[in-house]
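The numbers here are math on the coordinates, done by the rules we state, and not lab data. Given the structure is predicted, the values throughout are model-derived calculations rather than measurements. Every residue, glycine as well, gets a Cβ built from its backbone with ideal geometry; the counts of neighbours run over all protein chains shown.
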Amino acid sequence: MNDEQRQLRDAARKLAQGEFRARAARWDREELFPEENKHRLAELGYLGLSMDREYGGSGAGLVDTYLVIEELAKVDLLTAMIVHDQNVSPRIIANHGSIEMKRRLLPRFVSGELECSIAWTEPQAGSDGTAIRTSAVRDGDEVVINGSKIFTTFGDRADMHLVYARFGKSSGARGIGTVIVECDRPGFTVKKLEGKMGVRGAAENELFFDNVRVPAANIVTAGDPANSAGFVRPLTLYNGTRVGMGVMALGVAEGAFDLAREYMTVREQFGQKLAEMQGLRRMMADALIEIESARCLCYKALALIDAGRPDPALCSIAKVFATEMAQRVTVQCQQMFGGYGYFGSLPLERMVRDVRMLTLTGGTTQTQKNNIANHIFDIQSSRSPS
Ligand SMILES: Cc1cc2nc3c(=O)[nH]c(=O)nc-3n(C[C@H](O)[C@H](O)[C@H](O)COP(=O)(O)OP(=O)(O)OC[C@H]3O[C@@H](n4cnc5c(N)ncnc54)[C@H](O)[C@@H]3O)c2cc1C
């Protein structure tokens, strides 16, 4: 880490620990989106970290961007997700949208005025992301969208959605493309999914498209039944997103670790501090080994992306290791609090629930392992893009 990166990380740490930490429990308890946190993040320029300077962003690399996100995740995964998500769909638009689209939208994503969800998953197309049925049919200067999506994070509040749709009659990855659908288009409706386990201030949603018309200028990557370019082109950006899930998991694990370490230096049983008990010390040492291993994998994968040499298998490895590690470590840290850790009055209970989502979204652990195995045996997979 260079001096600038250290400063960036320290500033994010101060913000997270000084302002966001105290409020984190409230968003979960009241299932509220943290508007005031988003406002602060926008004010400080964190929503456009990885966006080019010409669109108002900082032009930072992914390593720098995720150093910030990691600090936020230590206290509140939800707030970390705001920065993460605001750096995902806009980056797809920045890489593949038309000049007009970029000029019109990107500065407004950076300022926080606009949000764009990723609407890819459908009821029958989860891990098999090429099984989508939502259709996009050209009609003159317009595109007509029909179909539905599920699990769309922030779909209830996003101003627009990056919709994966099938252009023309085709199957598999061929013919799939991406198109922006604004939330106020006639025929578009949203339904919030209830009963979520963690990160309760962010809603997942079902989206329904009933003859929704958008201008053809909203197409980001055009689908063509003759090839899979419209699907494959945005996929390369998911390398970073995938590692990003790993970094957020790393942050949650570190946050839990710090809380456990602090508690262990004050809590006494059998006339001894927990921090002096050999079995518990060993559990903490194991946790730190896991945390530091995840850090090395994630930041190596991000540094390679920044250097223009992305390693997709390493990205999957980093995601699997860090997200699975965080499940183990947060539970181990919760264990240090005994019965107290089981109650919502302490952050551990929330952290254990929150971190669960990261092994699912952005490609499950199992599909990432398929990617890794395909790399080992040199198989090009067209069926497990997530
Ligand atoms: C909190 C949350 C937020 C999400 N946000 C978004 C979002 O913003 N936008 C969006 O488009 N989607 C989103 N998703 C959807 C997410 O990407 C999918 O849930 C994920 O891809 C898995 O799909 P599925 O749930 O249909 O499970 P399935 O694909 O039905 O998988 C079920 C089980 O089978 C395993 N499995 C499936 N195929 C294989 C295989 N070939 N080999 C081995 N194991 C396999 C899976 O790992 C899993 O354990 C979100 C999901 C969650 C939980």
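Please label the shape of region 120-200 as rounded, prolate or oblate, based on the square roots a ≥ b ≥ c of the eigenvalues of the alpha-carbon gyration tensor (a/c under 1.5 means rounded; beyond that, a/b larger than b/c means prolate, else oblate).
Oblate, since a/c reaches 1.5 and b/c is not below a/b.
Based on the Cα gyration tensor of region 300-386, what are the three equivalent ellipsoid semi-axes, each the root of five times an eigenvalue, rounded to whole Å and given largest first? Each step should come with its number before you reach the end.
On the way: eigenvalues 212, 38, 20 Å².
Three semi-axes, in Å: 33, 14, 10.
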Notebook entry, point to check: Can you give me the Cα centroid spacing of region 117-178 and region 35-113 in angstrom?
Noted result: 23 Å
Note to self: Under the rule that an exposed site lies in a DSSP loop and has at most 16 other Cβ atoms within 10 Å, name the longest stretch of the chain with no GluC sites (Glu not before Pro) of that kind, not counting the sites themselves.
What the structure shows: 195-386
Notebook entry, point to check: Pick from Gly244, Gly195, Gly223: which is most flexible by mean-square fluctuation in a GNM of the chain where alpha carbon atoms under 10 Å apart are linked?
Noted result: Gly195
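Would you mind ranking Cys296, Cys333 by Cβ crowding within 10 Å, fewest neighbours first? Don't skip to the answer; put the middle values down first.
Values: Cys296 11, Cys333 28.
Ordered from fewest to most neighbouring Cβ atoms within 10 Å, Cys296, Cys333 come out as Cys296, Cys333.
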Next item on the list: Count the lysine pairs in the chain whose Cα atoms sit under 21 Å apart, keeping only pairs 8 or more residues apart in sequence or on different chains.
Entry: 14
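Taking chymotrypsin sites (Phe, Trp or Tyr not before Pro) as candidate sites, keep only those in a DSSP loop with at most 10 other Cβ atoms within 10 Å, then name the longest stretch of the chain containing none of them. Could you put the intermediate results ahead of the total?
On the way: sites that count: Phe270, Phe343, Phe377.
Result for the longest clean stretch: 1-269.
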Checklist line | Lys369 versus Gln5: modelled label distance in nm, points set 7 Å from Cα along the beta carbon direction | finding: 3.1 nm
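Using the Cα centre as the reference, give the magnitude of the dipole from point charges on the C-beta atoms of region 237-376 (Lys, Arg: +1; Asp, Glu: -1; all else neutral), rounded to the nearest 20 debye. Present the calculation step by step, with values, prior to reporting the outcome.
Numbers: 15 positive and 13 negative charges, 49 e Å.
Computed about the Cα centre, the dipole is about 240 debye.
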Next item on the list: Once you have a ≥ b ≥ c as the square roots of the Cα gyration tensor eigenvalues for region 1-58, tell me rounded if a/c is under 1.5, and otherwise prolate or oblate according to whether a/b is larger than b/c.
Entry: oblate
Item checked: Highest-fluctuation residue, Leu72, Leu288, Leu297 considered, GNM on the chain with Cα pairs under 10 Å -> Leu288
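So what's the projected area for region 130-172, the Cα convex hull averaged over all directions, in nm²?
Details: hull surface 14.8 nm².
It is 3.7 nm².
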Check: In a GNM of the chain with a 10 Å cut-off on Cα contacts, which of Asp139, Asp85, Asp52 has the highest mean-square fluctuation?
Finding: Asp139
Next item on the list: Choose one of Ala313, Ala294, Met284: the residue whose Cα lies farthest towards the positive end of the charge dipole of region 254-367 (beta-carbon charges +1 Lys, Arg; -1 Asp, Glu; about the Cα centre).
Entry: Ala313
Next item on the list: First check a/c for region 1-135, with a ≥ b ≥ c the square roots of the eigenvalues of its C-alpha gyration tensor; if it is under 1.5, answer rounded, and if not, answer prolate when a/b is larger than b/c or oblate otherwise.
Entry: oblate
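For the chain, list the DSSP H helices whose alpha carbon atoms reach 24 Å or more along the long axis and whose average Kyte-Doolittle value is 0.0 or above? Don't skip to the answer; put the middle values down first.
On the way: long enough: 238-264 (39 Å, 0.28); 278-306 (42 Å, 0.44); 312-336 (36 Å, 0.40).
Span-like helices in the chain: 238-264, 278-306, 312-336.
Tell me, Val110, Val220 in order of fewest to most beta-carbon neighbours within 10 Å? The partial results should precede the final answer.
Numbers: Val110 24, Val220 21.
Least to most surrounded, the residues fall as Val220, Val110.
When a footprinting reagent is the concern and you count Cβ atoms within 10 Å, what order do His375, His161 take, fewest first? Working shown, then result.
Values: His375 17, His161 30.
If I rank by nearby Cβ atoms, fewest first, I get His375, His161.
So how strong a dipole does region 3-88 carry about its Cα centre when Lys and Arg Cβ are +1 and Asp and Glu Cβ are -1, to the nearest 20 debye? Kindly include the intermediate steps, with their values, before the conclusion.
Working: 12 positive and 17 negative charges, 59 e Å.
For region 3-88, the charge dipole is close to 280 debye.
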Item checked: Relative contact order (%) - the chain, alpha-carbon pairs under 8 angstrom, separation at least six -> 16 percent
Check: Counting Lys and Arg as +1 and Asp and Glu as -1, what is the net charge of the other residues whose Cβ lies under 13 Å from the Cβ of Thr241?
Finding: +2
Checklist line | For the chain, size of Cβ-based charge dipole, Lys and Arg +1, Asp and Glu -1, in debye | finding: 540 debye
Note to self: Normalised radius of gyration for the chain, please: alpha carbon Rg relative to 2.2 N^0.38 Å, two decimal places.
What the structure shows: 1.00
Check: When only alpha-carbon atoms count, how far does region 132-260 stretch along each of its three principal axes, as whole angstroms with the largest first?
Finding: 60, 30, 23
Item checked: Ala22 versus Glu54: modelled label distance in nm, points set 7 Å from Cα along the beta carbon direction -> 4.3 nm
